[in-house]
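The structure appears below as structure tokens.
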Amino acid sequence: MERSAKFWVGVGVVVLLLSAMAGSGRAGEPVCPEPFVESFEYGPPLIGNPASRLLWVTFGAQGPHPHRPDPSVAGWEVVSEDCYSGSYCLKSGLTRLNNDRQSILEVTLEILEEGEISFWVRVDSEPGYDGVIFFIDDEQLEAWSERDSGWVEASFPLEAGRHTFRWEYIKDEDTSEGKDAAWLDEISFPTIAFPCPPRPTEEVPLDPRPEPPSWELGVPRADTVPANSFTRGTILVQTEPVEVPREYTVQVPKEGADLLAVIVRAQAGGNLDLYGRAGKPVEVPPDVRRISSDFASISPGGEEVLVISNPEPRTTYWFIVENRESLAQTFTITAFLIPEVRAGQATITGSIGLPANLPPPLARYLATDRGQLGLQQYRIEVPKGAKRLAVRVSGEGDLNLHIRFGKPVAILPDGRVEADISAISPGSEEAIVLSGGLLQPGTYYIAIEGLNPPQSFTLMVSLETSSGTQQVQASGAMSEGEESALSMPII
């Protein structure tokens with residue numbers, strides 16, 4: 001196949017409705033001149049990060065020009081690998097499978113004094129065909145395309161005024177070499193107009209999200225969630241209303257607990273999903289395609305019951321609710337720690353401390369008279385650097401889904417299932433998503449539980465790595481087979 005012309009030939013680019021402005025402030029708001037170096041040391045995510053002072057825009061796109069945003073392609077991401085300095089830098093988001101695509105990074109700033117922009121760039125790509133191009137105000141200034149260039153510094157003069165800076169990592173229609181990526185670090189701007197800091201008399205909250213614990217254990221909290229969105233709240237920052245994600249938190253005490261259970265129930269039975277994270281808030285960027293969470297229960301229907309075994313002591317768990325419906329929904333969210341701990345004291349009734357107000361799905365999960373746990377467990381080998389593991393089961397009757405790292409799922413003598421995380425909502429379909437700090441390299445065991453055996457089921461597993469996404473499907477029943485491995489080749 002004839003290859004396209006070399007990628008550094010001049011390209012005229014029009015970006016559609018995706019410019020961002022930072023630094024000029026609202027009309028009438030005082031601005032303070034300040035040179036600035038963007039080092040990305042606040043860590044991920046890039047978009048919507050409260051610690052970032054610049055309003056970055058990044059997205060995946062496809063050609064020909066003008067760029068057309070492609071939701072299936074990642075933009076640039078904050079990473080902690082191969083950086084020039086510090087712990088974090090930016091990396092292009094394309095994979096080897098994203099042929100004829102681009103990762104676009106852009107920011108628009110008001111430059112107050114002439115000077116120069118400088119940055120460090122590294123590229124490892126197919127020489128002459130894939131690489132990164134730098135633009136100022138749609139004028140192409142430089143391009144880098146070679147195998148493992150190492151970190152090089154680039155600088156360009158700037159006049160005062162409003163400028164748009166854009167970096168594009170471009171892949172042609174075929175062939176990949178090296179890591180097929182570019183990195184950016186230590187972007188230095190001349191004097192920028194940042195909004196002046198608030199006066200000492202003005203109170204600005206450091207974090208608008210609630211301090212843990214945000215609601216009483218065992219007591220349902222009612223709330224509403226907008227259509228096709230996440231739970232949201234409004235705070236006042238310098239007397240201006242600002243909308244922020246609203247999350248719910250549970251603190252695991254130093255004594256620890258056998259399990260942490262969170263139940264979300266829609267009042268009208270619409271489709272709600274639950275996302276959680278250990279130690280940090282769930283991050284929801286504006287495009288909501290890359291939610292930063294450790295685990296999620298995303299089964300269809302209006303009830304989600306997520307169980308985390310042996311939650312980390314002295315750790316805060318954060319949860320946020322998503323509405324998949326086209327109308328706003330009212331719901332309740334309830335949390336339990338078993339044994340249930342309040343004010344540092346464990347209240348234990350029976351061998352595992354069951355509170356009297358447990359809802360039926362959780363009570364049944366903890367009871368000794370259980371359903372049948374299928375003998376056929378599945379193993380998935382997760383490689384180093386994996387980003388997301390999604391497991392979904394569907395079939396007949398009421399099915400539960402359990403996942404455990406390093407050891408097979410088991411039933412203890414007192415009837416409890418020994419697993420790391422379980423989805424036990426009523427119904428014939430369950431799904432668990434693992435990512436972030438909860439996903440580690442090694443063997444994961446997957447077990448399906450039937451409450452009305454014999455029951456057949458279909459298991460679907462999706463594993464996302466830096467090389468792309470692999471999917472596999474298997475079928476089984478409660479009373480057949482032995483432990484088996486799902487074959488999922490890693491590219």
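Quick notes on this structure:
- Of all residues in segment 475-490 being open to solvent by 30 Å² or more (accessible area, probe 1.4 Å) and not hydroxyl-bearing (Ser, Thr, Tyr), the one that is modelled with the highest pLDDT: ALA485
- Breaking point among (1) closer than 13 Å to ALA181 by Cβ; (2) crowded, with 22+ Cβ neighbours inside 10 Å, for SER149: (2)
- Complete set of residues in segment 417-436 that are of a type in the set (Ser, Thr, Tyr) and more than 18 Å from VAL461 (Cα to Cα): SER425
- Among residues of segment 425-467 being among the small types (Gly, Ala, Ser), within 23 Å of the chain's Cα centre (by Cα) and farther than 17 Å from ALA296 by Cα, the one that is surrounded by the fewest Cβ atoms within 10 Å (Cβ to Cβ) is GLY442.
- Within segment 453-474, residues that are at pLDDT 85 or above have Cβ atoms under 9 Å from residues that are of a type in the set (Ser, Thr, Tyr) and open to solvent by less than 20 Å² (accessible area, probe 1.4 Å) in these pairs: LEU459/TYR378; VAL461/TYR378; GLU464/SER435, counting only partners at least 6 apart in sequence or on another chain.
- Answer from GLU81, GLU153 - the residue that is without any contact (Cβ under 8 Å) to a residue 40 or more places away in the chain, in a loop (DSSP other than H, G, I, E, B), out of contact with any His (no Cβ under 7 Å at 6 or more places or on another chain) and more than 30 Å from GLU243 (Cβ to Cβ): GLU81
- Test: residue in segment 176-190 that is more than 18 Å from ILE117 (Cα to Cα), open to solvent by 60 Å² or more (accessible area, probe 1.4 Å) and not in a strand (DSSP E or B): yes
- Taking residues in segment 46-69 that are at positive phi and of a type in the set (A, V, I, L, M), and partners anywhere that are modelled with pLDDT under 75 and open to solvent by less than 60 Å² (accessible area, probe 1.4 Å), not one pair has Cβ atoms closer than 9 Å while being at least 6 places apart or on different chains.
- Within segment 99-120, the set of residues being surrounded by 15 or more Cβ atoms within 10 Å (Cβ to Cβ), more than 13 Å from PHE59 (Cα to Cα) and out of contact with any Ser or Thr (no Cβ under 6 Å at 6 or more places or on another chain) comprises ASN99, LEU109, ILE111, GLY115, ILE117, PHE119, TRP120.
- Output for segment 152-175, where each listed residue is surrounded by fewer than 17 Cβ atoms within 10 Å (Cβ to Cβ), within 25 Å of VAL37 (Cβ to Cβ) and of a type in the set (D, E, K, R): GLU153, GLU159, ARG162
- GLU340 open to solvent by 10 Å² or more (accessible area, probe 1.4 Å) and either at pLDDT 60 or above or under 30 Å from GLN455 (Cα atoms) (or both): no
- Residue check for GLY301: modelled with pLDDT of 60 or more and either at negative phi or open to solvent by less than 60 Å² (accessible area, probe 1.4 Å) (or both): yes
The values are calculated or read from the model by the stated rules, or taken from the named source; none is laboratory data. For clarity, every value in this text was computed on a predicted model and none was experimentally measured. Note that each Cβ is placed from the backbone with ideal geometry, even for glycine, and that neighbours are counted across all protein chains shown. Just so you know, the surface numbers come from the protein's heavy atoms only, side chains and all, with ligands and any DNA or RNA stripped out. Shrake-Rupley method; radii C 1.70, N 1.55, O 1.52, S 1.80 Å.
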